[in-house]
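A short reminder: the numbers here are calculations on the coordinates, not readings from a lab. What you are looking at is a predicted structure, and each value in this text was computed from that prediction instead of being measured. Here Cβ is always computed from backbone atoms with ideal geometry, including for glycine, and neighbour counts include all displayed protein chains.
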Amino acid sequence: MRLRRHKEEKPVEKETALIEAVLYLESDPIDEGALCRISGLARDVVKTAITDLEEKYGREESGLELSRIGGGIMISPKKEYWDSLKERYGKKNEAKISRAAMETLSIIAYSQPITRSEIEAIRGVSADNMIRLLLEKELIKETGKKDVPGKPTQYGTTREFLKLFRLNTIADLPKLSDSEIDRFELEGNQ
């Protein structure tokens, strides 16, 4: 009796291709639960497919990677290539963020939740226009009211912020040096 040898396929090869297609078609990061719903696949199969895709895109010859952004996953150019590509392919709103808006956004990102007056104490100038601009771009949102007299609105960053800066969580922000932390505190106490 002769045994036939079949080309061995990974058990989830087609499923991995399906998940890859879904990630390609989605313009925003998508979480595992949504991948399960869209594909109709079980969570363990989706996890295996994601692991296989991470391995595939982790190879040196690939220009793509699976990025974890804001709790979701998306296919994106590898970070080492993105700097040279983002001018042409980056989001339009990224190019329109002024230095003052970026400074305000940085203060909010590192100090959230934070009020307008606290931002102004650090920056030394009015923050009304910058806050309005960042709210319009959906990079920040109102996160509640501070429990002090007047109950000022507090602000924090959004998932759009995480997506723009390719961060999975706010904890992935670059760490501030001691001098940067001191500068924020000194300016804030003036």
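Helices in the chain, meaning DSSP H runs of at least 4 residues, each add -39500 (n - 2.57). Divided by all residues, the mean residue ellipticity at 222 nm is -15500 deg cm²/dmol. Taking amide H as placed 1.01 Å from N in the peptide plane, the amide H of residue 65 sits under 5 Å from that of 76, 78, each at least 5 places away or on another chain. The percentage of C-alpha pairs in the range 13-87 whose separation is greater than 21 Å is 22%.
For the chain, a Gaussian network of Cα nodes joined below 10 Å ranks 34, 49, 121 by mean-square fluctuation, and the top entry is 34. Arranged from fewest to most other beta-carbon atoms within 10 Å of their beta carbon, 130, 102 become 102, 130. Extension gain for residue 179-residue 89 works out to 28.9 nm (0.36 nm per residue, less the C-alpha to C-alpha distance). Convex hull of alpha carbon positions in the chain: directionally averaged projected area 15.8 nm². As a proxy for reagent exposure, ranking 47, 163, 14 by other Cβ atoms within 10 Å from fewest up yields 14, 47, 163. Going from the fewest other Cβ atoms within 10 Å to the most, the residues 103, 80 appear in the order 80, 103. Normalised radius of gyration (Cα atoms, divided by 2.2 N^0.38 Å) for the range 92-189: 1.04.
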